[in-house]
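Report on the following structure.
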Amino acid sequence: MKRITVLLADDHTIVRQGLRALLEAEGDIEVVGEAQTGRQAVQLTRKLLPAVVVMDIAMPLLNGLQATRQILGEVPATRVLVLSAHGDDEYVEQVLGLGAAGYLIKQTSAFHLSRAVREVHKGNMFFSPSIARRLRDREQKAPVGAAGRRRRRAPGLTAREVEMLQLIAEGMANKQAAAELGISIKTVEKHRQNLMTKLDIHDTAGLTRYAIAAGIIESSVQLTIV
């Protein structure tokens with residue numbers, strides 16, 4: 001029997017080790033790789049072509065939302081299953097908008113995790129029970145064509161600008177960001193200026209506060225905000 005290949009993407013080693021142990025206890029699932037940053041998750045997906053990526057949202061260098069966007073754009077045959085500590089509706093909404101196949105909160109049981117991997121591999125959607133209930137309730141209550149869903153990302157920001165915003169918020173200097181993104185320092189400076197212009201925020205601390213408020217990084221990532 002051909003096993004379902006899985007890539008684990010989480011910045012906590014102990015979490016990845018636990019997930020690996022849980023999934024590999026199932027005879028039909030094989031963990032083929034682990035990523036500790038969003039950028040590494042994209043690179044390993046390109047290389048390993050896993051059937052399913054289990055993706056955390058709060059990832060350094062490139063958050064799980066942007067990593068999901070890139071993976072599904074570059075390797076559309078791979079299914080992304082988000083496993084996050086954040087279960088609020090805005091995150092779920094963004095994940096669905098990106099094309100992810102499911103969303104589990106980290107309090108989910110091992111049974112639901114392995115079942116979710118199998119279901120998304122078959123082409124189905126899968127959610128933690130609490131999220132599935134909220135989605136059903138919202139669909140039943142929402143009028144046809146209802147608008148007004150809030151967006152965390154500011155209109156007009158490109159995917160590259162969101163990446164740049166995360167790196168700025170994580171405290172990277174221009175030279176470091178250029179090396180991380182594989183672009184010139186001049187291009188980094190241009191992205192930084194575009195961000196400040198579009199957001200009307202003209203200092204690093206303000207950009208950092210915006211990134212935290214927008215859910216691009218967690219407040220614990222950046223400890224020195226002045």
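Under the condition of being over 25 Å from L181 (Cβ atoms) and open to solvent by less than 30 Å² (accessible area, probe 1.4 Å), the residues counted in region 1-17 number 2. Quick check on region 105-114. Is at least one of its residues open to solvent by 10 Å² or more (accessible area, probe 1.4 Å) and under 21 Å from L49 (Cβ atoms)? No, that holds for no residue. Given the criteria polar (S, T, N, Q), open to solvent by less than 10 Å² (accessible area, probe 1.4 Å), within 18 Å of R133 (Cα to Cα) and touching a strand residue (DSSP E or B) at 6+ places or on another chain (Cβ under 7 Å), does S84 qualify? Spelling it out, S84 is indeed polar (S, T, N, Q), open to solvent by less than 10 Å² (accessible area, probe 1.4 Å), within 18 Å of R133 (Cα to Cα) and touching a strand residue (DSSP E or B) at 6+ places or on another chain (Cβ under 7 Å).
A quick yes/no check of all residues on (1) within 22 Å of Q43 (Cα to Cα); (2) touching a residue at least 12 places away in the same chain (Cβ under 8 Å); (3) among the β-branched types (V, I, T):
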residue: I168; (1), (2), (3): yes, yes, yes
residue: A173; (1), (2), (3): no, no, no
residue: A177; (1), (2), (3): yes, yes, no
residue: E180; (1), (2), (3): yes, yes, no
residue: S184; (1), (2), (3): yes, no, no
residue: V188; (1), (2), (3): yes, yes, yes
residue: Q193; (1), (2), (3): no, no, no
residue: T197; (1), (2), (3): no, no, yes
residue: H202; (1), (2), (3): no, no, no
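The single condition among (1) on the phi < 0 side of the Ramachandran plot; (2) in contact (Cβ under 8 Å) with a residue 12 or more places away in the chain; (3) among the hydrophobic types (A, V, I, L, M, F, W, C); (4) outside any strand (DSSP E or B) that I14 does not meet is (2). Would you call E218 within 24 Å of H86 (Cα to Cα), at pLDDT below 85, open to solvent by 60 Å² or more (accessible area, probe 1.4 Å) and of a type in the set (D, E)? Spelling it out, E218 is indeed within 24 Å of H86 (Cα to Cα), at pLDDT below 85, open to solvent by 60 Å² or more (accessible area, probe 1.4 Å) and of a type in the set (D, E).
Filter region 40-92 for residues that are charged (D, E, K, R) and either touching a His at 6+ places or on another chain (Cβ under 6 Å) or part of a loop (DSSP other than H, G, I, E, B) (or both) and give the result. D56, D88, listed by residue number. Selection of region 63-92 for residues being farther than 26 Å from E180 by Cα, touching a helix residue (DSSP H, G or I) at 6+ places or on another chain (Cβ under 8 Å) and small (G, A, S) yields only G87. The set of residues from region 93-104 being assigned to a loop (DSSP other than H, G, I, E, B) and open to solvent by less than 40 Å² (accessible area, probe 1.4 Å) comprises A100, A101.
May I ask you to list the residues in region 102-116 that are over 20 Å from L65 (Cβ atoms), of a type in the set (G, A, S) and modelled with pLDDT of 85 or more? Matches in region 102-116: S114 only.
Collect the residues in region 105-123 that are of a type in the set (K, R) and not in a loop (DSSP other than H, G, I, E, B), keeping them in residue-number order.
R115, R118
Cβ-Cβ contacts under 8 Å between residues 6 or more apart (or on different chains), taken from a first residue in region 110-124 that is hydroxyl-bearing (S, T, Y) to a second residue that is modelled with pLDDT of 85 or more and open to solvent by 10 Å² or more (accessible area, probe 1.4 Å), are listed as S114/L22; S114/E26.
The values are calculated or read from the model by the stated rules, or taken from the named source; none is laboratory data. Please read all numbers here as calculations on a predicted model, not as lab measurements. Methodologically, a virtual Cβ is constructed for each residue, glycine included, from the backbone with ideal geometry; neighbour enumeration extends over all protein chains shown. Areas reflect the complete protein model, heavy atoms only, side chains present, ligands, DNA and RNA absent. Shrake-Rupley method; radii C 1.70, N 1.55, O 1.52, S 1.80 Å.
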